[in-house]
Amino acid sequence: MKKNDVPQDDGGLEKDNIKELCYAVDEKGEYTTIKSTGWDPKTIALDNALQEINERINNAKERVLNGETSPIEYYMECHKMDIGILASYVGKFQWQVKNHFKVKKFNKLSEKTLAKYASVFDISIDQLKDINYGN
Amino acid sequence: MEINFTHHQTAHCENGVVSNLMKHNGFKVSEPMVFGIGSGLLFCHIPFLKVNHAPAVTYRVMPGQIFKRFAKRTGIKIKKEKFKSPKQAKDRLDENLKKDNPVGLQVGVYNLTYFPDEYRFHFNAHNLIVYGKENDNYLISDPVMETVTTLTSKELEKVRFAKGAFAPNGHMYYPIDFPKELDINTAIVKGIKNTCRDMLAPVPIVGIKGIRYTAKLIRKWPKSKGVKVANHYLGQIVRMQEEIGTGGGGFRYIYAAFLQESSKILNNNSLAELSKEMTEIGDLWRDFALEASRIYKNRSAKTDAYNKVASQLEIIADKEEIFFKKLKKAI
């Protein structure tokens, strides 16, 4: 890539005033570093990934409202986690976390376990039981 | 307390921490040098493992490897510490800062408050340097940021004890012993040989073969996974290749810069030629990303389009195979 070809697309980074470093060659063919504001192909990829996450969140929310899953799954999606990540944050096995997605099990959870989940999600236990506090 | 430390922005965090710590200790080592000597370049498609609900594709070696190999090959000793308790981790950090010793830390990205929200994913192999403390604020030099920043002790504890894959457990590291002069020449040769071995490895998911494996899967995805998932997967590959930290083209440009610098140090003209070739291969990776983005932008691509980007990858694999065979002979 030539120095002048380093893309300066609107990467959504400007508002945070962040530029990233790219490697490119100058007129003499020598390598140098150039700051870039972004490149469309990866901005689109990132946007799509975020949209995907939002779909997952909305889907989880709907299933909580339908009584098909517990708010834990909803908050997990809000925090861009998967079961493996959440399990390691609360110090449980994945099958235990999956179990806690079941509404019946969730309603029987001890205060202690609820507090663990709540602290991982940075909310109170009351908020954990109510999905209106996610993003 | 603040250590007199100069922040240099780099493309990638691990290279950057090593390069900046070396500079602080009086050794001028560029980012591409760290990356090349540490044999950072790779391609690997890890089957069965999913990251952000998509296949795990990496363009670099495992976190920590670059520094480990760089230190071994240049004769530096590093001290590494991991902790069970956050309190102990904090105390050891403060001790080092009191001794005017800036340290590298492995951290999770998700709770890094100075990162833009959209970049905060559960990725635990980010690296930064702490170079001081003012009241409750730690002074942070994050190599991928343009300038220095700060984190409160609570924020720092959160990122040092992030959970999930590659959980840092407070991982702290710093060089403790240096040779009088770095033996760069032999280190370069060792670094290059290692990378050639990795890229030409007879393992179906690593190096050249790994690229071909990914290409083969891309052809299958629209049928086996449906267009929506196929596009998500394709987007993930492009993100791994181009997201902040690779310097563009899945680290290929940084590697070309390393070969150029090495050709001067070793007085080896063929490395300069190979650097140009690597730049062209980097351009092909960029073309692949551009073409792939056209597919996931429209969200309604034909199978043809997937075959086209898969073919692009296969051409790259062919070129890299020839390239690394030549590179192996050039040193």
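The values are calculated or read from the model by the stated rules, or taken from the named source; none is laboratory data. These numbers were taken from a predicted model, which means no experiment stands behind them. Heads up, the Cβs are rebuilt from the backbone with ideal geometry, glycines too, and the neighbour counts pull from every protein chain shown. In case anyone asks, the SASA skips ligands and DNA or RNA and just uses the protein heavy atoms, side chains included. Shrake-Rupley method; radii C 1.70, N 1.55, O 1.52, S 1.80 Å.
Overview of values
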{"read-out": "Percentage relative contact order, chain B, counting C-alpha pairs under 8 Å, at least six apart", "value": "21 percent"}
{"read-out": "Theoretical ellipticity at 222 nm over chain B - DSSP helices of four or more residues, -39500 (n - 2.57) apiece, nearest 500", "value": "-17000 deg cm²/dmol"}
{"read-out": "Rounded, prolate or oblate (a/c below 1.5 giving rounded, otherwise prolate when a/b exceeds b/c) for chain B by Cα gyration tensor", "value": "oblate"}
{"read-out": "Furthest towards positive pole of dipole, B:Phe48, B:Pro86, B:Val107, structure part segment B:1-115, Cβ charges", "value": "B:Phe48"}
{"read-out": "Value of D in µm² per second that Stokes-Einstein yields for segment B:70-144, Kirkwood Rh from Cα pairs, at 37 °C (0.692 mPa s)", "value": "234 µm²/s"}
{"read-out": "At least 50 Å² accessible surface lost relative to isolated chain, residues of segment B:50-74 (1.4 Å probe)", "value": "B:His53"}
{"read-out": "Loop-located GluC sites (Glu not before Pro) in segment A:28-135 whose Cβ has at most 14 other Cβ within 10 Å (DSSP)", "value": "A:Glu30, A:Glu68"}
{"read-out": "Magnitude of the charge dipole, segment B:184-330, Cβ model with Lys/Arg +1 and Asp/Glu -1, debye to 20", "value": "600 debye"}
{"read-out": "Relative contact order of segment A:1-86, defined on C-alpha pairs under 8 angstrom at six or more residues apart (%)", "value": "23 percent"}
{"read-out": "Buried on assembly, segment B:137-170 (at least 20 Å² less accessible surface than by itself, 1.4 Å probe)", "value": "B:Met145, B:Glu146, B:Lys158, B:Lys163, B:Gly164"}
{"read-out": "Complex-versus-alone comparison for segment B:209-244, residues with a loss of 30 Å² or more in accessible area, probe 1.4 Å", "value": "B:Lys228, B:His232, B:Arg239, B:Glu242, B:Ile244"}
{"read-out": "Separation between Cα centres of segment B:185-224 and segment B:276-330, rounded to whole Å", "value": "13 Å"}
{"read-out": "Rel. contact order, % - alpha carbon contacts under 8 angstrom, at least six apart, segment B:184-330", "value": "32 percent"}
{"read-out": "Residue-normalised accessible area of the protein assembly as shown, expressed per residue, 1.4 Å probe, Å²", "value": "45 Å²"}
{"read-out": "Chain A, dipole about Cα centre (Lys/Arg Cβ +1, Asp/Glu Cβ -1), debye to the nearest 20", "value": "960 debye"}
{"read-out": "Solvent-accessible area, 1.4 Å probe, carbon plus sulfur percent, for segment B:184-330", "value": "54 percent"}
{"read-out": "Shape call, the protein assembly as shown: gyration tensor on alpha carbons, a/c limit 1.5", "value": "oblate"}
{"read-out": "Cα gyration tensor, segment A:1-82 - rounded (a/c under 1.5), prolate or oblate", "value": "prolate"}
{"read-out": "Cβ-based charge dipole, the protein assembly as shown, positive-most Cα from B:Ile316, B:Ala11, B:Ser262", "value": "B:Ile316"}
{"read-out": "Exposed GluC sites (Glu not before Pro) absent - longest run of chain B, DSSP non-H/G/I/E/B, at most 14 other C-beta within 10 Å", "value": "B:182-331"}
{"read-out": "In the A-B interface, the accessible area buried, summed over both sides, Å² (probe 1.4 Å)", "value": "4000 Å²"}
